[in-house]
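Here the structure is laid out as structure tokens; the discussion comes afterwards.
The values are calculated or read from the model by the stated rules, or taken from the named source; none is laboratory data. Remember, it's a predicted structure, so these values are computed and weren't measured experimentally. Note that each Cβ is placed from the backbone with ideal geometry, even for glycine, and that neighbours are counted across all protein chains shown. Protein only, heavy atoms only, side chains kept; ligands, DNA and RNA dropped before computing areas. Shrake-Rupley method; radii C 1.70, N 1.55, O 1.52, S 1.80 Å.
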Amino acid sequence: MSKTPEVLVFDLGGVLADWNGIDPLVRLSGGRLDREAARLFWIGNPWVAKLDLGECEPQEFAAAMTDTLQLGISPEAMQRQLSDWLAGAYPGASELLADLAQRFPLAALSNNNALHWDKIEREFDLLRHFGHTFASHLLRLRKPDAAIYRHVQDTLGAAPETIAFFDDNIECVEAAQAQGWQAFHTKGLEQVRAALAAQGWL
């Protein structure tokens, strides 16, 4: 068991919310991208970084994405798919956060964009549980760059080892660990629950 944290920090897509831009991207590419290549697209592509950092609009990103990956669909259709790939909060996610909030301060740390953030605010019952929300497109910082983790811990006023973090991308977990955070690689709500229970925090 790890040290009891002072704050729990959660990624959103793939952890508390149903986001899958991997399997549809494999299909759209006609199999030219396998699942790992599609996952790495969302981590390392320069256009994804621009979207996450608020440096381009979703429409511009959709056009660049269809062109870069030669997906054979219109930018308008691509933008609609981008929205659809964020399907909603996982069942039970809001209830889990409500339970945890009785014992821990909670924060969200998400690589995000204007298109998805608007949908999260309007349709998902998640953000009200967090004392702080850190969205990449608003901060102009993104994971796994070290600067965003330092910004979060400075804003929270928490020592690195007192922060517990849950993310579905191993690169973001390893970057948090490099900053001294307690970080857990969790995909989906059940893995989040399992990690919390294994630490005795649930």
- [ ] Check each of the chymotrypsin sites (Phe, Trp or Tyr not before Pro) in region 123-200 and keep only those in coil by DSSP with at most 16 other C-beta atoms within 10 angstrom; list them in order.
- [x] none
Task: Dipole magnitude of the chain, debye to nearest 20 (Cβ charges: Lys/Arg +1, Asp/Glu -1, about Cα centre) - done: 180
- [ ] Per DSSP H run of n ≥ 4, the term is -39500 (n - 2.57); total these for the chain, divide by its residue number, and report the mean residue ellipticity at 222 nm rounded to 500 deg cm²/dmol.
- [x] -13500 deg cm²/dmol
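Applying 1/(1 + (r/R0)^6) with R0 = 22 Å to the Cβ-Cβ distance of GLU123 and ARG193, what FRET efficiency is obtained, to the nearest 0.05?
Working: r = 23 Å, r/R0 = 1.04.
In this case the efficiency is close to 0.45.
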TODO: Give the cross-link partners of LYS119 among the lysines, using a straight C-alpha distance below 26 Å as the criterion and excluding same-chain residues fewer than 8 apart.
DONE: LYS50, LYS143, LYS187
TODO: Return the single residue from GLU55, GLU121, GLU171 with maximal mean-square fluctuation; model: Gaussian network over the chain, springs between Cα atoms under 10 Å.
DONE: GLU121
Open item on the list: Using 10 Å bins from zero, what percent of all Cα-Cα pairs in the chain falls into each bin?
Closed with: 9, 36, 36, 16, 3, 0
Task: Along the chain, longest interval not containing exposed trypsin sites (Lys or Arg not before Pro), exposed being DSSP loop plus at most 16 other Cβ atoms within 10 Å - done: 33-102
Task: Probe 1.4 Å, protein heavy atoms only - accessible area per residue of the chain in square angstrom - done: 45
Task: Inter-label distance, nm, simple model (7 Å from Cα along the C-beta direction), ARG150/GLU60 - done: 2.7
Open item on the list: If you roll a 1.4 angstrom probe over the protein chains with everything in place, what fraction of the accessible area of the chain belongs to carbon and sulfur, to the nearest %?
Closed with: 49
